[in-house]
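Note sheet for the following structure.
Every read-out reported here was derived from the displayed coordinates using simple, explicitly stated rules and does not represent laboratory data. These figures come from a predicted structure and were not determined experimentally. Neighbour counts run over all protein chains shown; Cβ positions are idealised from the backbone, glycine included.
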Amino acid sequence: MPNEKTLIRTEYREMNHLDYLLILYIRQLREERGWTQQELSERMGVTKSFVGNVESFTQRHKYSIRHLTLIAKAFEYNSISKLFDFPTPEHDKIRLILKVTTVLKENEKSRSKSVEVVKIVEGGAKVKSNKF
C-alpha cells in the first residue's frame, strides 16, 4: 500500500527458559494439528486471544499449572507429561531480544504486527541495544 509506514523496534523480555521451551512446543503441537491460536484457546476454554498473547512474547502472558490440564485435554492427552517432550532447559532465566515490525495504515492505525525472536541470551544478561 502506498501510504503505509513500517515501524521496526527492538523489545527485550526476560522469562524462565522452561516457559519459553513449553510455549514453543505447544505452538509446534498446535501447528501440527492445523489449529489456529484461536482454536486452541477455544478448546482450552480461555479467551480467544489468550494463546496468541502467550505466543507473541511481547505480552507477559504464559501458561500456568492450571493451563497444563486444559492444554492436555485439548490435545486429548491422558497425561500432562506429554506436554514436556522436549530437552531439559539449559538455563533458569533467559532474555529474548525481539524484532517487532508494525505496519501502519494511512490513518496511523496498526494494520499488522509481527514479532521475531532475534536472539536469546542466557541468564537474562544485559545486552547492548541494536537498532534494526
All-but-one check, residue 30 against (1) of a type in the set (Lys, Arg); (2) in contact with a Leu (Cβ under 8 Å, 6 or more places away or on another chain); (3) surrounded by 13 or more Cβ atoms within 10 Å (Cβ to Cβ); (4) over 29 Å from residue 122 (Cβ atoms), failing number (4)
So the helices (runs of 4 or more DSSP H) completely within segment 3-75 holding 1 or more residues that are farther than 30 Å from residue 105 by Cα and not hydroxyl-bearing (Ser, Thr, Tyr) are 17-32, 37-44, 65-74
Matching residues in segment 94-110 (over 16 Å from the mean Cα position of the chain (by Cα) and surrounded by 14 or more Cβ atoms within 10 Å (Cβ to Cβ)) number 3
Filtering segment 76-102 down to residues that are within 26 Å of residue 13 (Cα to Cα) and part of a loop (DSSP other than H, G, I, E, B) yields 85, 86, 87, 88, 89, 90, 91, 92
Taking segment 21-70 and keeping residues touching a strand residue (DSSP E or B) at 6+ places or on another chain (Cβ under 6 Å), hydroxyl-bearing (Ser, Thr, Tyr) and touching a residue at least 60 places away in the same chain (Cβ under 8 Å) leaves none
Is it the case that residue 46 is in contact with a His (Cβ under 6 Å, 6 or more places away or on another chain) and among the β-branched types (Val, Ile, Thr)? no
